[in-house]
Amino acid sequence: MTQEKQPITTNSAVPFPSTAVAAEAARDDAGIAKEDTAWTDRPEPAAGLAPITVAAPTPEPQDTAEGAPGRAPKMRADSISVFYGEKQALKDVSIQIHEDRVTAFIGPSGCGKSTFLRCFNRMNDTISGARVTGRIELDGEDINSAQMDVVHLRARVGMVFQKPNPFPKSIFENVAYGPRIHGLADKKADLEGIVEKSLKRAGLWDEVKDRLAESGTALSGGQQQRLCIARAIAVDPEVILMDEPASALDPIATAKIEELIHELRGRYAIAIVTHNMQQAARVSQRTAFFHLGELIEYGRTSDIFTNPREERTQDYITGRYG
Amino acid sequence: MATHGHTLKAFDEDLDRLRALISEMGGLAEHGIGEAMRCLVDRDVDGAHRVIEEDKKLDALETETEKRVVQLIALRAPMAGDLRDVVAALKISGVVERIGDYAKNIAKRVAILEDAGKIEPLSLLPEMARIAAGMVHDVLNAFVNRDAEAALRVCDRDKAVDDFYDSVFRTLLTHMMEDPHSIRHATHLLFVAKNLERVGDHATNIAEMVYYAATGRHMSERVKGADPLAG
Amino acid sequence: MSSAALSRWSGNEMQRRVSKRYAAERRFKLLGLLAVGLSVAFLAFLLVTMLARGLGGLSATFLSGSDSTDPALAGVWGALKGSFLTILVTIALAFPIGVLSAVYLEEFARRNRWTDLIEVSINNLAAVPSIIFGLLGLAVFLNVLHLPRSAPLVGGLTLALMTMPVIVIAGRNAIKSVPPSIRDAALGVGASKMQVVFHHVLPLALPGILTGTIIGMARALGETAPLLMIGMRAFIAAPPQGITDPATVLPVQIFLWSDEVSRGFVEKTSAAIIVLLVFMLLMNGIAIYLRNRFERRW
């Protein structure tokens, strides 16, 4: 495989992860601070005259699962059940995905977390025998309604898959494909602009700018996955779903993906399925724990990993499962 | 708490070893207080020296605990309850080491008080020491068993130690006023009482750590109103 | 013997077992080599005899002339052109219809009893003897539709019927082997079903489809029996000008000449076989070139 023979030099343009991680941690702190002030300090319209009272550090119990009051979630899933034929894979799950927050779905294999993720852009439609009940809203709009075009939905709710799956086409074509089929660029220059912007956001531009015509499959695994992320952002989605995006990558490539998730947060609502609990802890602000098709616990990541309410969550994250 | 062990058994072994270390430290500290008090009552200067020597063991155990905690965090990446346990173990080892220092401090005063005559409060101090040492013993048992209720009960007993301290303080004060010659000895005894009172406070401190490790909540969040520290 | 002794790696017993395994391996290799050698020997024999007998018959008149009763004047051009036109008709019909059927069955059709039935029928059709297709062509194209007898059009239609199932089966397998991750990727950026199929699945499946097509075409090119049934065995002295002109094809020409009593036609038969082999080689070469061009890694 050529991709394994790719020398490390292709990665050397990027700062070594340790510095990236340090920067990430600093940014995370800032991010968390920003996040917390974002709704504790946010003056309610009515309370605008008395900001001092609002500034009082109120604990936010209502924030654990419901999200901040007065802030509509980007996506809302309500009583979702999924059946594969007779087998029920997901039981009555309700959850909200917010903008500028990363929501992680964790749980043992077969717990339904990937199935659930695929409900948000109706990828389960492509599986014969799969049946979804319940309601999912995108900005308050039912995504399963007749008015919602599934093609548009998938453009608005992008997806990154477990195995890096670039098209066997050039790097440029990989990123340009989405904008092209949706008619997002009239002129070639516009398209080139979108491709460059997307690759930059995905942190891949510097590594590939001189070889856009080369095949996307010739990149290393981590680069391929970032190419797939660039491909997803090229159509300017509002939500990005990631299905174990780093499970096939080595630790350094994984760190880069995680760093990227951090950077993308704020611009997109992100939901990520991961087997790696440390990864969920590192990249997410909200964590949902699934077990046997049920949503066991959903809350702030910092709470889930220090003080989960449910014993099953505790057993899983401390390594006592099964 | 979780009734079954980790999938990775070595993780359980590491945690058990850590708990055993804390337990051992607690035993040493408890024994140190008891011995120091016995030496004080019996005027046993040699025994007091032994107590002072034994404190070095506690220091070594504290270092060992710290090393193990760092290793465990690095190698096992503990989460949730495990993480709280490990962090609590680290903090508790520091506090127990302080308790050992108090025992050493009491033992150091044995030589000074060797020639002291009969001072009445001396009869109160062993009982006070018994309660304080008992608190240390029970709170460390609570840690090993992850028993939040036991930790709460330990807190309740701090009041008794404080009461003892008050009464010893008053008695010694009276003594000093009545007999200025006794001031030197009485002051030392006052320090002993103060040390024991601090041991009780530290045990209460450990109880709070145990409570957080076991439940994930801080004690102050739970026992508002009936705060044992308010007394 | 204890089990400890049995598992001692340096023991004599173990060494004996190891050498036995190597001996078995050598025997198998030898057997395989023999099998390959046998088929190569037969092929070489055919080529050598044909070349020895036929090379003398290859001449300008032979390559440019048509059939004749006089072996000295008889040529293979008419049959070659007939073969070419027939294959053209076959490809033009069988390839698009076969590929579309494969795409529909694999990507769009619901799995139910009807598609199962169709699948079984197609698999059976691929195994039907070619003479049956000839009878079908005779009954449908000539007797019902009254298409011109002996024409490459009818021959091509008949051979297309015969080749289509092969293309459908190969096409379906090729489409099936396109990794689902590519479909997911395209669907994930909002491609419609049609776009997924035509932008991604088909281009990736094309090498496999072409392989199936090559096999089908090679078989059609060498086919004689069904063409005999629709009258492409007539004596035709002029090369066909279009697909509706009476024509014959190379294999049939070879068959006809081999029947001739005249001594001169023996050489002509071998020469025609050489031409047929070269023609087939050429076609396969083109197809393999195309396949390699479209082949992509993923």
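The values are calculated or read from the model by the stated rules, or taken from the named source; none is laboratory data. The shown structure was predicted, so the numbers you read here are calculated from the model rather than taken from an experiment. No Cβ is skipped: glycine too gets one built from the backbone with ideal geometry, and neighbour counts run over all protein chains shown.
Computed values, structure above
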quantity	calculated
When residues of the stretch B:1-33 are limited to those that are among the hydroxyl-bearing types (S, T, Y) and within 14 Å of another protein chain (Cβ to nearest Cβ), the one surrounded by the most Cβ atoms within 10 Å (Cβ to Cβ)	B:T7
Selected residue [more than 30 Å from B:R84 (Cβ to Cβ), in a helix (DSSP H, G or I) and modelled with pLDDT under 90] from B:I112, B:I106	B:I112
Helices (runs of 4 or more DSSP H) lying entirely in the stretch C:1-68 (those with 1 or more residues that are touching a residue at least 60 places away in the same chain (Cβ under 8 Å))	C:12-54, C:60-64
Sole residue being among the charged types (D, E, K, R), touching a residue at least 60 places away in the same chain (Cβ under 8 Å), in contact with a His (Cβ under 9 Å, 6 or more places away or on another chain) and closer than 23 Å to B:G94 by Cα, chosen from B:E35, B:E30, B:E54	B:E30
Hits in the stretch B:60-101 (condition: among the small types (G, A, S), surrounded by fewer than 19 Cβ atoms within 10 Å (Cβ to Cβ) and within 14 Å of chain A (Cβ to nearest Cβ))	B:A74, B:A77
Number of positions in the stretch A:224-242 that are facing chain C (nearest Cβ under 9 Å) and in a strand (DSSP E or B)	1
Output for the stretch A:96-134, where each listed residue is within 14 Å of chain C (Cβ to nearest Cβ), assigned to a loop (DSSP other than H, G, I, E, B) and not hydrophobic (A, V, I, L, M, F, W, C)	A:R118, A:N121, A:R122, A:S128, A:G129
Among (1) among the aliphatic types (A, V, I, L, M); (2) under 30 Å from A:A234 (Cβ atoms); (3) in a helix (DSSP H, G or I) - the single one C:L153 does not satisfy	(2)
Residue in the stretch A:141-158 that is in a helix (DSSP H, G or I) and in contact (Cβ under 8 Å) with a residue 40 or more places away in the chain present	yes
Sole exception among (1) more than 16 Å from the chain's Cα centre (by Cα); (2) modelled with pLDDT of 85 or more; (3) buried (at least 17 other Cβ atoms within 10 Å of the Cβ); (4) under 23 Å from B:I106 (Cα atoms) for B:D163, by number	(3)
Tally, over the stretch A:138-152, of residues that are surrounded by 15 or more Cβ atoms within 10 Å (Cβ to Cβ) and either at the interface with another protein chain (Cβ under 9 Å from one of its Cβ atoms) or modelled with pLDDT of 90 or more (or both)	4
Residue within the stretch C:172-179 that is assigned to a helix (DSSP H, G or I), crowded, with 23+ Cβ neighbours inside 10 Å and either more than 14 Å from chain A (Cβ to nearest Cβ) or over 15 Å from the mean Cα position of the chain (by Cα) (or both) present	yes
Any chance C:V99 is assigned to a helix (DSSP H, G or I) and touching a residue at least 24 places away in the same chain (Cβ under 8 Å)	yes
Filter pass, B:E62 being within 30 Å of B:F191 (Cα to Cα) and part of a helix (DSSP H, G or I)	yes
In the stretch A:83-112, the residues that are among the hydrophobic types (A, V, I, L, M, F, W, C) and without any contact (Cβ under 8 Å) to a residue 60 or more places away in the chain	A:F83
Subset of the stretch C:187-218 that is within 23 Å of C:A287 (Cβ to Cβ) and small (G, A, S) - its residue that is farthest from the other protein chains (Cβ to nearest Cβ)	C:A218
Number of the exception - A:G107 against (1) of a type outside the set (V, I, T); (2) buried (at least 23 other Cβ atoms within 10 Å of the Cβ); (3) under 13 Å from the mean Cα position of the chain (by Cα)	(3)
Unique residue being under 22 Å from the mean Cα position of the chain (by Cα) and surrounded by 22 or more Cβ atoms within 10 Å (Cβ to Cβ) when the list is C:T213, C:T224	C:T213
Unmet requirement for C:G190, which otherwise passes all of (1) assigned to a helix (DSSP H, G or I); (2) closer than 30 Å to A:L153 by Cα	(1)
Matching residues in the stretch A:256-307 - criterion: being surrounded by fewer than 21 Cβ atoms within 10 Å (Cβ to Cβ), over 15 Å from the mean Cα position of the chain (by Cα) and more than 14 Å from chain B (Cβ to nearest Cβ)	A:L292, A:E294
A:G221 being more than 9 Å from chain C (Cβ to nearest Cβ) and surrounded by fewer than 23 Cβ atoms within 10 Å (Cβ to Cβ)	yes
Tabulated pairs, the stretch B:155-168, first under 20 Å from B:V139 (Cα atoms), second crowded, with 16+ Cβ neighbours inside 10 Å and among the small types (G, A, S), C-beta under 6 angstrom, 6+ apart or interchain	B:C155/B:A207; B:D158/B:G200; B:V161/B:A132; B:V161/B:G200
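Matching residues to (1) farther than 18 Å from C:S192 by Cβ; (2) within 14 Å of chain C (Cβ to nearest Cβ); (3) at pLDDT below 90:
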position: A:I136; (1), (2), (3): yes, no, no
position: A:R154; (1), (2), (3): no, yes, no
position: A:F161; (1), (2), (3): yes, yes, no
position: A:N165; (1), (2), (3): yes, yes, no
position: A:L184; (1), (2), (3): no, yes, yes
position: A:E192; (1), (2), (3): yes, no, no
position: A:W205; (1), (2), (3): yes, no, no
position: A:A213; (1), (2), (3): yes, no, no
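A quick yes/no check of all residues on (1) exposed (fewer than 14 other Cβ atoms within 10 Å of the Cβ); (2) modelled with pLDDT of 90 or more:
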position: C:V48; (1), (2): yes, yes
position: C:G65; (1), (2): no, no
position: C:W77; (1), (2): no, no
position: C:A94; (1), (2): no, yes
position: C:R111; (1), (2): yes, no
position: C:L153; (1), (2): no, yes
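One line per residue, one yes/no per condition, for (1) free of Cβ contacts under 8 Å to residues at least 12 places away in the same chain; (2) in contact with a Lys or Arg (Cβ under 9 Å, 6 or more places away or on another chain); (3) part of a helix (DSSP H, G or I); (4) among the hydroxyl-bearing types (S, T, Y):
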| site | (1), (2), (3), (4) |
| --- | --- |
| C:I214 | no, yes, yes, no |
| C:A234 | no, yes, no, no |
| C:T248 | no, yes, no, yes |
| C:P251 | no, no, yes, no |
| C:V261 | yes, no, no, no |
| C:T269 | no, yes, yes, yes |
| C:L282 | yes, no, yes, no |
| C:R293 | yes, no, yes, no |
